[in-house]
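First comes the structure, then the notes that go with it.
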Amino acid sequence: MEQQEGLPALPEKNIIPEPAADEGEIFEFQLPKRPPNPFLTRGCCQSPSAFHKNEPVFQHRCSKYDSFDWLADTPPVPGVPPIDLVEVRFKNGRKDFFRIPPDLELAVGDIVAVEASPGHDIGIVCTAGEIARFNSRKKIRKNPAEEFRKVYRKARQTDIEKWNAAVEAENSFMFRSRDIADKLGLSMKINDVEIQGDYTKAIFYYTADDRVDFRELIKLMAEEFKLRIEMRQIGARQEASRLGGIGSCGRELCCSTWMEEFKSVTTNAARVQQLSLNPQKLAGQCGKLKCCLNYEYETYMDAVKEFPSTEIRIKTKKGEAIHQKTDIILGRMWYSYANDSSNQMAIAVSTANELISQNKKGIIPEKLEDFMQVVEKKSENDTTIGQDDLTRFDNL
């Protein structure tokens with residue numbers, strides 16, 4: 001590179017060398033790696049410090065199951081007592097509601113010490129105010145007799161130090177517990193560990209196909225970890241929500257990002273949506289039916305009410321027409337003659353209902369081609385997944 005007159009010379013470190021034409025060198029630029037953050041599962045962008053205010057620790061963009069406060073602008077109602085509830089988040093999706101003492105003011109992001117059994121636990125306030133009272137109604141409806149536990153105080157310096165030590169030790173506890181379970185020959189998978197904030201109890205989450213006698217396992221782990229051990233069995237869906245992953249749609253798993261409750265998914269949801277019952281396509285990473293099958297299920301149920309039964313044949317002078325497939329979104333039904341199943345004709349739902357009504361009155365049309373709709377065929381280069389496919393999951 002030649003220097004122009006009147007311009008200062010650039011330092012050598014700012015000059016990017018050009019690759020030689022004959023060598024064909026390739027320059028690779030790598031972004032700096034971020035340090036590991038064990039508090040990410042608790043909604044923290046970084047590990048809390050025992051000597052600072054920890055204001056930038058909790059951020060909504062880092063929370064796994066974040067809660068949007070859509071009642072933040074609600075003015076206080078005169079005569080209504082102040083809200084004494086906050087929602088505190090712990091590891092992954094574990095949240096609970098706690099009562100605040102009258103002399104304590106809390107805001108979203110505060111690190112607090114709350115009542116536990118036994119001792120106390122450390123968590124982060126994720127919702128406060130009117131939204132916390134609104135969300136607590138769901139828990140009250142499920143367990144009307146259950147009382148809310150208390151918030152003891154804001155976390156002190158010693159609380160945060162113990163909390164840091166507990167969170168950093170969780171991975172080592174999990175790997176060591178797997179080794180112990182493997183030596184005992186137990187058919188179980190320990191997939192997550194949560195140590196209580198006061199470092200007195202550890203909760204081990206595991207999955208197993210059959211009943212497991214883990215009494216000897218608890219005894220050995222209590223002797224090695226010097227903690228109170230609690231074992232909790234979870235299902236395949238809960239395991240996937242804790243481990244996370246990428247679904248066939250290319251997005252993060254719904255159960256690991258925003259779903260807090262699991263609803264049962266049946267094959268009837270796939271039948272109503274006209275999906276082929278292919279287990280490999282309909283199963284998620286947990287091995288169960290995908291939760292997204294329930295998202296449009298009610299919409300399809302409402303739309304199906306306008307469709308006639310697929311068992312009814314349409315009578316014409318040319319022959320009886322048998323139902324082949326249905327497009328619920330576009331409101332079409334495909335029929336073919338009994339003696340020619342290869343020639344499928346699409347007709348509107350309203351037309352199908354009208355023809356069936358005429359057949360009941362003894363009116364038989366000439367042929368079904370008179371009522372056929374023209375369906376545009378996709379080009380060879382079009383790979384869009386549409387409703388004309390046998391199933392939306394076949395092309396994933």
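Annotations for the structure displayed:
- Note on region 189-209: among residues that are of a type in the set (A, V, I, L, M) and in a strand (DSSP E or B), the one that is farthest from the chain's Cα centre (by Cα) is A202.
- Within region 240-260, the residues that satisfy the criterion of being assigned to a loop (DSSP other than H, G, I, E, B), of a type in the set (A, V, I, L, M, F, W, C) and without any contact (Cβ under 8 Å) to a residue 40 or more places away in the chain are L253, M259.
- Any hit, region 153-172, residues being of a type in the set (F, W, Y), assigned to a helix (DSSP H, G or I) and open to solvent by 20 Å² or more (accessible area, probe 1.4 Å): no
- Qualifying residue in region 360-369 (condition: at pLDDT 90 or above, open to solvent by 90 Å² or more (accessible area, probe 1.4 Å) and touching a helix residue (DSSP H, G or I) at 6+ places or on another chain (Cβ under 6 Å)): no
- Candidates R42, R99, R137, R94: the one that is without any contact (Cβ under 8 Å) to a residue 24 or more places away in the chain, under 30 Å from C255 (Cβ atoms) and charged (D, E, K, R) is R137.
- Wholly enclosed strands (runs of 3 or more DSSP E) of region 289-357 bearing at least 1 residues out of contact with any His (no Cβ under 8 Å at 6 or more places or on another chain) and touching a residue at least 60 places away in the same chain (Cβ under 8 Å): 319-327
- Checklist (1) within 25 Å of Q273 (Cβ to Cβ); (2) open to solvent by 70 Å² or more (accessible area, probe 1.4 Å) applied to N339, failing item: (1)
- Residue list for region 173-188, filter: small (G, A, S) and open to solvent by less than 30 Å² (accessible area, probe 1.4 Å): S177, A181
- In the set (1) more than 15 Å from the chain's Cα centre (by Cα); (2) surrounded by 14 or more Cβ atoms within 10 Å (Cβ to Cβ); (3) within 29 Å of K142 (Cα to Cα), the condition left unmet by R237 is number (1).
- Enumeration of residues in region 215-226 that are aliphatic (A, V, I, L, M) and either more than 32 Å from the chain's Cα centre (by Cα) or open to solvent by 90 Å² or more (accessible area, probe 1.4 Å) (or both): L220, A222
- Qualifying residue in region 261-270 (condition: surrounded by 18 or more Cβ atoms within 10 Å (Cβ to Cβ), assigned to a loop (DSSP other than H, G, I, E, B) and either modelled with pLDDT of 90 or more or in contact with a Leu (Cβ under 8 Å, 6 or more places away or on another chain) (or both)): yes
- Residue match in region 37-51 (condition: in contact with a helix residue (DSSP H, G or I) (Cβ under 8 Å, 6 or more places away or on another chain) and of a type in the set (V, I, T)): no
- Top-ranked residue in region 240-260 [being open to solvent by 70 Å² or more (accessible area, probe 1.4 Å) and among the hydrophobic types (A, V, I, L, M, F, W, C); ranked as nearest to the chain's Cα centre (by Cα)]: W258
- Inside region 64-85, residues that are in contact (Cβ under 8 Å) with a residue 24 or more places away in the chain and either within 24 Å of the chain's Cα centre (by Cα) or open to solvent by less than 60 Å² (accessible area, probe 1.4 Å) (or both) make up a count of 9.
The values are calculated or read from the model by the stated rules, or taken from the named source; none is laboratory data. Computed from a predicted structure; not experimentally measured. Note that each Cβ is placed from the backbone with ideal geometry, even for glycine, and that neighbours are counted across all protein chains shown. Remember, those area values only see protein heavy atoms, side chains included, never the ligands or the DNA or RNA. Shrake-Rupley method; radii C 1.70, N 1.55, O 1.52, S 1.80 Å.
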